[in-house]
1. Restricting the search to the range 110-126, which residues are touching an Asp or Glu at 6+ places or on another chain (Cβ under 9 Å), closer than 19 Å to SER167 by Cβ and not in a helix (DSSP H, G or I)?
2. Restricting to the range 27-84, count the residues that are closer than 22 Å to SER236 by Cα and small (Gly, Ala, Ser).
3. Taking the range 137-160, which residues are open to solvent by less than 40 Å² (accessible area, probe 1.4 Å), in contact with an Asp or Glu (Cβ under 9 Å, 6 or more places away or on another chain) and assigned to a loop (DSSP other than H, G, I, E, B)?
4. Conditions: (1) within 12 Å of the ligand (Cβ to nearest atom); (2) open to solvent by 30 Å² or more (accessible area, probe 1.4 Å). MET200 meets all but one. Number of the miss?
5. Mind telling me which of the residues GLU48, GLU15, GLU58, GLU42 ends up being open to solvent by 10 Å² or more (accessible area, probe 1.4 Å) and free of Cβ contacts under 8 Å to residues at least 12 places away in the same chain?
6. Just for the range 359-405: of the residues that are in a loop (DSSP other than H, G, I, E, B) and under 13 Å from ALA324 (Cβ atoms), which one is most open to solvent (accessible area, probe 1.4 Å)?
7. Could you list, ordered by first residue, the pairs with Cβ atoms under 9 Å in which the first is in the range 161-175 and in a strand (DSSP E or B) and the second is among the small types (Gly, Ala, Ser) and more than 7 Å from the ligand (Cβ to nearest atom), at least 6 apart or interchain?
8. Would you check which residues across the range 128-181 are within 16 Å of the ligand (Cβ to nearest atom), within 22 Å of THR115 (Cα to Cα) and of a type in the set (Val, Ile, Thr) and list them?
Amino acid sequence: MTYLVSKPSSALISEATIPGDKSISHRAIMFGAIAEGQTRIEGILEGEDVLATLNAFELMGVGVDRPCPGVVTVEGVGKYGLSEPVRPLDLGNSGTSMRLLTGLLAGQRFDTVLTGDESLKSRPMGRVIEPLSEMGADIESQDNCAPLLIKGCSELQGIQYVLPVASAQVKSAVMLAGLYASGETSIVEPVASRDHTERMLRAFSQKRSEGSKALRISGDEKLVGQIVRVPSDISSAAFFIVGASLLPGSELVLKRIGINPTRDAVLRILTQMGAKISRSDIQDFTNEPVCDLVVHSSELYGIDISIQDVAGAIDEFPIIAVAAAAATGITRIRGAAELRVKESDRITAMVNGLCALGIEASETPDGMDITGGQIKGGQVDSYGDHRIAMAFAVAGGIASAEIKICDADNIATSFPDFVEIANQIGLNISESDSTEDV
Ligand code: S3P
């Protein structure tokens with residue numbers, strides 16, 4: 001099991017390229033696999049979660065090649081060209097792989113078993129099983145958790161579905177199943193969740209145009225292979241945006257970061273707290289806006305985070321909590337109960353860790369209150385959660401003494417080069433196996 005030790009550091013003055021967006025990488029593989037012809041994915045995230053999706057399609061007979069680092073080609077087999085895998089598909093720690101694949105596989109004519117690690121097997125899958133069953137899917141679970149047995153079926157029926165929680169994974173599972181359904185599937189979201197599936201479908205679909213209704217899908221969509229350029233992941237960039245904001249004298253440039261408006265709430269939240277973040281060189285990468293972000297250090301202040309911003313920053317709350325811990329005043333997060341069913345219970349994980357480092361923090365059922373102060377050195381548990389581990393690694397840079405983070409192996413699920421890039425830009429993090437001294 002890997003430990004990280006993060007020592008206090010000085011200003012981050014650098015330019016960095018962050019690996020590809022995890023959500024977009026998963027979707028590019030999925031659409032590429034069921035499209036006609038080849039898809040070339042440039043800038044793909046080569047993290048464990050995405051590789052789990054890639055391996056799953058290889059086991060279903062899809063030809064995959066990795067001609068050079070960051071590039072994957074997928075030989076699309078068409079919507080009905082996947083073949084029955086000879087063994088269960090092990091999706092490791094990846095909730096996105098499991099939920100989206102459940103939707104995509106619900107309409108196949110063969111059976112599939114989806115499984116994963118202990119964390120993934122404890123996460124709620126009823127939220128996808130319920131609408132997919134309404135469409136006619138036959139899915140067996142362990143009390144609404146994985147392993148899931150998805151039975152082959154001849155055809156699904158389109159439904160109108162009102163999402164009970166703001167979840168891009170549930171929305172995307174229903175959309176992917178909608179590609180295999182008779183009639184139209186339409187989805188209504190209470191709050192907009194990330195819309196990468198809608199944008200990707202527009203790129204791959206022959207019949208979609210700018211004016212198509214993104215959340216209406218029909219079974220007659222024809223998908224054609226594409227060249228997909230994947231933006232750098234704003235969720236990974238967020239760790240260094242907070243680090244640069246908090247370390248006096250910093251000036252950090254992060255290249256080609258995805259700034260999809262359903263994902264950029266972290267920039268809004270940090271700016272409201274006083275962060276100095278500017279955007280330049282805005283471009284389009286396969287229907288996704290990207291830009292270079294320039295971050296200068298600044299004083300941060302506690303705020304009440306708007307409930308409207310929660311879905312758009314759902315993966316960034318661990319590092320937002322670190323920003324709050326170093327800000328002046330109190331930050332309140334509410335309406336974020338979803339944080340309790342991520343790779344760990346991120347409310348408990350952050351509050352316990354911050355308290356262990358001398359910060360006043362408390363839980364509410366759907367959020368947390370954090371009073372800013374001096375983060376002290378100490379030891380924290382990541383609960384096997386990649387984003388908790390990386391958030392506390394950044395906290396070590398601004399703490400008064402080193403922070404030791406236990407159980408950090410899962411960083412490789414979303415950001416395998418985290419330690420290397422962190423050290424290149426000026427943080428001071430070492431990695432060690434628990435059997436060795438750190
Ligand atoms: C994701 C959606 C989010 C996010 C996850 C990736 C996706 O989950 O937390 O890391 O790629 O669709 P929910 O859709 O469950 O909120």
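1. Of everything in the range 110-126, those that are touching an Asp or Glu at 6+ places or on another chain (Cβ under 9 Å), closer than 19 Å to SER167 by Cβ and not in a helix (DSSP H, G or I) turn out to be LEU114, GLY116, ARG123.
2. 5
3. Those that are open to solvent by less than 40 Å² (accessible area, probe 1.4 Å), in contact with an Asp or Glu (Cβ under 9 Å, 6 or more places away or on another chain) and assigned to a loop (DSSP other than H, G, I, E, B): GLY152, CYS153, GLY158, ILE159.
4. Condition not satisfied by MET200: (2).
5. Result of the check over GLU48, GLU15, GLU58, GLU42: GLU58.
6. GLY373
7. TYR161/SER186
8. Listed by number, the residues that qualify are VAL128, ILE129, VAL170, VAL174.
The values are calculated or read from the model by the stated rules, or taken from the named source; none is laboratory data. Quantities reported herein were computed from a predicted structural model and do not represent experimental measurements. Methodologically, a virtual Cβ is constructed for each residue, glycine included, from the backbone with ideal geometry; neighbour enumeration extends over all protein chains shown. Surface accessibility is based on the protein's heavy atoms, side chains included, excluding ligands, DNA and RNA. Shrake-Rupley method; radii C 1.70, N 1.55, O 1.52, S 1.80 Å.
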